[in-house]
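Please treat every number below as a calculation from the coordinates, not as lab data. Quick caveat, the model's predicted, so the values are computed rather than measured. Don't worry about glycine lacking a Cβ; one is built from the backbone with ideal geometry, like all the others, and counts go over all protein chains shown.
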Amino acid sequence: MELQILGSGAADGIPGLFSNDRVSSYARLAGGKDVRTRCSALLDGILKIDFGPDTYHQVIANRLDPSKWLAILFTHSHEDHICVAEIQYALYPFVETQEAPFAIYGNQKVLDQIKNRYPEWPLELHLTQSFVSFEIGAYHITPVAANHDDDEDCQNFLFANQGTKILYATDTGLWKDRTWEFLTTVQLDGLVIECTDGLNPSGYSGHLSVESCVWTVEELRKRNILKRGASVVTTHHSHNGNATHNELVAALAPHRIEPSYDGLLFHCDCNAQSPYSASNLSQSL
Ligand SMILES: [Zn+2]
Ligand SMILES: [Zn+2]
């Protein structure tokens with residue numbers, strides 16, 4: 001499987017929309033990997049994960065064709081992950097088709113938001129629940145409970161296809177026992193995990209910092225949930241984490257974790273090369 005990270009930023013992106021803090025100011029000047037749009041990914045060009053306010057930009061920047069998307073899977077209903085207004089452009093009169101090319105998968109709060117906005121529209125909606133697997137084509141998908149917001153069933157997604165497994169874990173927090181119990185039955189070829197708070201842990205328990213992200217990854221290795229050689233990249237970085245891209249590289253490299261960046265192609269196969277070539281990594285450092 002190939003997962004493209006379309007957006008690697010948190011709520012207000014990097015630079016933060018209205019922020020002039022050190023990391024935002026640096027990102028405005030440096031551009032490149034320091035600019036992070038709102039969190040989003042695309043699996044094998046057909047399964048879209050989250051559909052936030054930067055979707056249009058991400059489609060243009062990566063020369064994507066959204067009419068090829070079979071499904072949009074929502075992790076949860078926070079506004080950096082869902083922009084309901086943009087869904088209308090998939091239907092007549094903006095396009096000739098009377099039905100959207102994609103099905104929508106989300107928790108109850110996500111589906112309610114979409115139904116309220118489009119009560120009469122012929123959208124194919126599927127309710128997702130933590131630990132209840134479903135299939136889309138050849139993909140076996142299991143939503144895994146995050147520990148992010150008690151008001152809804154926030155989900156990380158485990159994708160399995162032809163023996164390869166990847167866990168996409170944004171807006172994760174420190175998993176509760178039920179999630180760890182489930183994961184002990186899994187062997188991962190690749191992991192994308194949030195590192196929102198970077199070098200500046202906040203009081204909010206629904207996100208991970210470098211410290212708690214590293215703890216989680218080391219625990220996954222100890223329990224043999226992460227296969228030897230499995231690639232691990234981070235996402236959902238906030239400027240409030242007080243770390244530039246290179247500072248994240250330096251903080252995470254000793255733990256064999258790499259910060260992702262917008263546009264990164266992540267190959268989730270233990271036999272494949274790391275998403276960073278050696279030359280890219282040394283440039284980043
Ligand atoms: Zn978020
Ligand atoms: Zn969130």
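Per residue of the range 11-21, in order, report the coupling 6.51 cos²θ - 1.76 cosθ + 1.60 (Karplus, θ = phi - 60°) as ³J(HN,Hα) in whole Hz, putting x for Gly and Pro.
2, 10, x, 10, x, x, 3, 10, 9, 10, 5
So for the chain, what are the equivalent ellipsoid semi-axes in whole Å, largest first, each being the square root of 5 times an eigenvalue of the Cα gyration tensor?
Details: eigenvalues 153, 100, 67 Å².
Those come to 28, 22, 18 Å.
Which lysines does residue 227 reach when only Cα atoms under 24 Å apart count, and residues fewer than 8 places away in its own chain are ignored?
Excluding near neighbours in sequence, the set is 165, 176.
Between beta-carbons, use under 14 Å as the cut-off and find the net charge around residue 264, counting Lys and Arg +1, Asp and Glu -1. Before the final figure, lay out the partial values.
Numbers: positive: 33, 36; negative: 2, 34, 258, 262.
With Lys, Arg at +1 and Asp, Glu at -1, the neighbours total -2.
Identify all lysines with a Cα-Cα distance to residue 33 below 26 Å; exclude those on the same chain that are fewer than 8 residues away in sequence.
48
Amide H neighbours of residue 126 under 5 Å, at least 5 residues apart or on other chains, H built in the peptide plane: list them.
104, 105, 106
Where the only charges are on Cβ atoms (+1 Lys, Arg; -1 Asp, Glu), what is the dipole of the range 2-284 about its Cα centre, to the nearest 20 debye? Let's see the in-between values first.
On the way: 20 positive and 35 negative charges, 156 e Å.
Roughly 760 debye, rounded to the nearest 20.
Over what distance in Å are the Cα centres of the range 205-273 and the range 68-137 separated?
So the two Cα centres are separated by 29 Å.
Provide, as a two-decimal number, the C-alpha radius of gyration of the range 90-196 over 2.2 N^0.38 Å, N being how many residues it has.
Cα-based Rg divided by the globular estimate yields 1.22.
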